[in-house]
Amino acid sequence: MSLFQRHRWFVAAGGITAALAAVSLVAPRSPGLTAFADIFGLCLMLGGASILVFNAIAKPGAERMFEGSFNATLDRYRALLSEAGAGQPNLPNDNLDTGGTTGPGKYRLDDETHAKLLDELAKQNFRGASPEVRAELLEFFGHPDAPYAMKRKRKQWARVLAEVEELKMAVPATAATSGADPQ
């Protein structure tokens, strides 16, 4: 929403006030003009007061909605903490910004985060990648028809595809460490 759209009533009130000021400076003084200015001033004050009253009435509903959302978040957080204290928490791969499940091409930040993780691991030749992380990256980038955010930038998308191929050919972390000589 543009600045003008957000403050259109203030712009309109300022324009009307400027027009009345111009009329009062140009027009000869008369009882009719004075009465008109008084009535218009009263209408402006009543309009401003009605806006304040409307905002005062509308805000409690918004506050209740925010409070309910905040309480639901706290309840979920407490449940996750209790699960973490009892063992392995169940952490679904949800988008916490929108509340929906994530997937390839559904959310730009998710795509970029997966690409950044892939890039950082590629710099280390995927030595620090656990089997779970490898599986997640291969599953995530295993949908070539998905509308990934990186597809808009050809060089970045080509790098992602090359790094996925490197990941496929890299030796998994458990296999690399099991064959090492203990010293």
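The values are calculated or read from the model by the stated rules, or taken from the named source; none is laboratory data. Since the model is a prediction, treat every value here as computed from it, not as a measurement. Every residue, glycine as well, gets a Cβ built from its backbone with ideal geometry; the counts of neighbours run over all protein chains shown.
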*Of all residues in the range 119-132 being over 25 Å from the mean Cα position of the chain (by Cα) and part of a helix (DSSP H, G or I), which is farthest from Arg108 (Cα to Cα)?*
Pro131
*Single unsatisfied condition, Lys116 versus (1) assigned to a loop (DSSP other than H, G, I, E, B); (2) at pLDDT 85 or above; (3) exposed (fewer than 12 other Cβ atoms within 10 Å of the Cβ)*: (1)
*Pick out the one residue from Leu109, Leu91 that is under 24 Å from Arg152 (Cα atoms), exposed (fewer than 15 other Cβ atoms within 10 Å of the Cβ) and of a type in the set (A, V, I, L, M, F, W, C).*
Leu109
*State whether one or more residues within the range 50-67 are touching a residue at least 24 places away in the same chain (Cβ under 8 Å) and either within 30 Å of Gly99 (Cα to Cα) or surrounded by 10 or more Cβ atoms within 10 Å (Cβ to Cβ) (or both).*
yes
_Given the options Leu46, Leu96, name the one that is modelled with pLDDT under 85, more than 30 Å from Val11 (Cβ to Cβ) and surrounded by fewer than 11 Cβ atoms within 10 Å (Cβ to Cβ)._
Leu96
_Count - residues of the range 17-37 that are surrounded by 10 or more Cβ atoms within 10 Å (Cβ to Cβ) and either under 43 Å from the mean Cα position of the chain (by Cα) or not aromatic (Phe, Trp, Tyr) (or both)_ = 13
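Considering only the range 72-113, how many residues are assigned to a loop (DSSP other than H, G, I, E, B) and touching a Pro at 6+ places or on another chain (Cβ under 9 Å)?
3
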*Among the numbered criteria (1) out of contact with any Phe, Trp or Tyr (no Cβ under 9 Å at 6 or more places or on another chain); (2) within 30 Å of Ser69 (Cα to Cα); (3) surrounded by 13 or more Cβ atoms within 10 Å (Cβ to Cβ), which single criterion is violated by Ala122?*
(2)
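Here is a yes/no grid of residues against (1) closer than 30 Å to Asp94 by Cα; (2) at pLDDT 75 or above; (3) part of a helix (DSSP H, G or I):
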{"position": "Phe4", "(1), (2), (3)": "no, no, yes"}
{"position": "Trp9", "(1), (2), (3)": "no, no, yes"}
{"position": "Ser24", "(1), (2), (3)": "no, no, yes"}
{"position": "Leu33", "(1), (2), (3)": "no, no, yes"}
{"position": "Asp38", "(1), (2), (3)": "no, yes, yes"}
{"position": "Leu42", "(1), (2), (3)": "no, yes, yes"}
{"position": "Ala56", "(1), (2), (3)": "no, no, yes"}
{"position": "Arg64", "(1), (2), (3)": "yes, yes, yes"}
{"position": "Phe70", "(1), (2), (3)": "yes, yes, yes"}
*Test: Arg154 is farther than 24 Å from Leu91 by Cβ and free of Cβ contacts under 8 Å to residues at least 40 places away in the same chain*: yes
